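Structure, as structure tokens:
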Amino acid sequence: MSNFTFNDSLVQDNSGTKKINLSAATKYTDYKIFSFLKDTSYVDTTLNIKKHYKFNFLRKDNFGLLPFHNIGQTFNRLTYNFDRINGVPDIGFTAKQFSFNTIRDINYYEVPTPTSEIMFLTTLEQGRFLDSFFTLNFSRRLNVSIAYTGLRSLGKFRSALVSQGNFRTTFHYETKNNQYTIRGHIATQDVFNEESGGLTPESLLAFLDNDPNFSDRARLDVNLEETENSLKASRVYLEQDYQLLSSKDSANQKDFTNLKVGHVLASSKKAYEFSQNSPSNFIGATNFSGNIKDDVNYTFLKNQFFLEFNSKYVLGTFKAKSSIMSYSYGYDKIINQTSDINTRKLKGSAISFGADWKAKVSKFQLDATGEITPGSARLAGANLQGNLSYKKDSLFDIKASVLLNSKSPNFNYLLHQSTYDAYNWKNDFENIRTQNLGFQVDSRWLNAVVNLTNIENYTYFGEDNKPQQYTDNVTYLKVKASREFTYKKFALENTIMYQNVSGGSAVFRVPELITRNTLYYSDYWFKGKPMQVQIGATFNYFTSYKANAYNPLLSEFTLQNTEEIGFPSVDLFFNAQIRRTRIFFRVDNALSDFGTRNYFSAPNYPYRDFTIRFGLVWNWFI
């Protein structure tokens, strides 16, 4: 489900935390949320600055992502995360997948009464965003939930229509003695976009010169008309385990307890389509003259079997696992008869072996997972992740992490067909090998994260829009720090990130500095304090760099060496909470009418102008 927690018995402000009773019969800890990793959190209806950052269609803090002008379009990346990598290649077309829910994004629930949430958000011209969620327990042991997210927004510029749909349903069941547990979900997701290709050179000049004849952005010409792409996905996930030996059964056998056998099924399908009414020279050359429809399909099936137990010899819980995987990626026919491509599909299967280990010694917590897929198939690779944390009461929490990953590039790097001549290829790339070291400190005084990443065989789309592998190593340092300062009813929340690419800067591009600073006022208004308010402004800035260009046919970002982007922006906001309803007003890019028009999300794609939006998040408990 959506990544949120809400907690009706806690209300936070600059002066501290206040207790409120939910009702005489229930308390907030009865409304539980279980993550994919089975961590527990609680339903949260409070208003704070972190919630403010999540008032967007992704429902999460998008620091480090630069949105395009229309809500629901893609994002240009200002930063990259390598602390967790999927162990197998995906279909690709990654610009379409920012709003997709992965298996790890799905939550499960336990609630004493039916619980609902609705988020509403205005968009840019002729559309709305609505995220709705409902969950209930038929008994204490059986929970079901259902959610749907819908988005439609026309946009201010031409050929920028966005339409998205996202359906999720989950269930979680356990027997009375917890001997058998099962949980699972079904998710169907689709993203549809009209594609403009950005502004034409003449329109770009009119935008930069702030020509008053084009204050209506729909009058600016764009490079593509009647061009669309879409990505559709569906997934079925099922996880179950049966306890053969419990702690009670093994009271006299302390060596091994809580012995479980289990099974995980993950089946997913994705389909990408690019279509045009007629070819365009802006994209490239083709001998075809009719309607264009390039589509590709991908399926992935994984069956995992595991054995889990507790033991004093491993200081915690140990799980041994093995998976049988199969995939199919490709096309129904050869799309471009003039190309030298004679392969329609890539198919294969593989068996992997791995283990998970969770151990706790005093205040140290170790979480490690590893999996290897031997052989020379496209699924072959390895993934090892480890986290070691130390928590000193409520003073600070320190965590060190390591990741070693080897996997094939996504399938659209390996095989791609198109009606356009230059977009046909078949490659046998080497596995991308990633090593990441991380260090994190969370304390009352400062929150900081340092990551050092080394990438071998980094794979990217070049200036010619074709996939390439970098022969040298990419070395990437990222340092992020955040701190909030408070004074009476005012607060200043600061997040700053420094990035440096010491190796591979020719192909791996990020701005050196990213900063977000929010100054706001928070208080309770009216007699009896029925309403909490936040009023403030957020300053965003990133240094100029040669940001990647967006390719609408590939739905990927490609290298470019001609344009630099980097600009400051100011957003204003008014947030209010009345009981379990949060209402918010936002003014995006409030100072866009002052100064030069140098704000771009990617070359030829302007960021949004001055925009006022309204939204609300409403929870209720039946």
Q. Hey, can you rank 85-93, 301-309 by average C-beta count inside 10 Å, highest first?
A. 85-93, 301-309
**Q.** Sites Ile186 and Phe63 - FRET efficiency at Förster radius 30 Å, r taken between beta-carbons, to 0.05
**A.** 0.45
Q: May I ask which of Lys60/Lys312; Lys232/Lys399; Lys270/Lys358; Lys319/Lys399; Lys156/Lys426; Lys32/Lys156 have a Cα-Cα span longer than 31 Å here?
A: Lys60/Lys312; Lys232/Lys399; Lys270/Lys358; Lys156/Lys426; Lys32/Lys156
Q.
Please rank Met119, Met325, fewest neighbouring Cβ atoms within 10 Å first, as an exposure proxy.
A. Met325, Met119
Q: Report, in whole Å, the centroid distance computed from the Cα atoms of the stretch 255-305 and the stretch 182-228.
A: 24
**Q.** Sorted by Cβ density within 10 Å, fewest first, the residues Thr611, Thr453
**A.** Thr611, Thr453
Q.
I want to check the label-to-label distance for Ala359 and Ile578. Put each point 7 Å from Cα in the C-beta direction and report it in nm to one decimal.
A. 5.6
Q. Taking neighbour counts of Cβ atoms within 10 Å as a proxy for exposure, in what order, fewest first, do Phe573, Phe490 appear?
A. Phe490, Phe573
Q: Note the full-extension length gain between Leu591 and Glu463 as 0.36 nm times their separation in residues minus their Cα-Cα distance, in nm to one decimal.
A: 42.8 nm
Q. For Ser505 and Val144 in the same chain, what is the full-extension length gain: residue separation times 0.36 nm, less their Cα-Cα distance, in nm?
A. 125.2 nm
**Q.** Computed label-point distance, nm, for sites Asn303 and Asp216 using a 7 Å Cα→Cβ extension
**A.** 6.1
Q.
Restricting the calculation to Cα positions, tell me the Rg (one decimal) and the Dmax (whole number) of the stretch 529-618 in Å.
A. 17.3, 55
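With charges only on Cβ, +1 for K and R and -1 for D and E, what is the dipole size of the stretch 10-621 about its Cα centre, in debye, rounded to 20?
2820
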Q: State, to one decimal in nm, how far the label point of Leu244 lies from the label point of Lys293, with both points 7 Å from Cα in the Cβ direction.
A: 5.2
Q.
Please list, in order, the residues from the stretch 601-622 whose amide nitrogen is less than 19 Å from a point placed 7 Å along the Cα→Cβ vector of Asp30.
A. 619-622
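Each reported figure results from applying straightforward, stated rules to the coordinates on display, with no laboratory input. Here the structure is a predicted model, which is why all the values come from computation and not from measurement. As a convention, Cβ positions derive from the backbone with ideal geometry for all residues, glycine included, and neighbour counts pool all protein chains shown.
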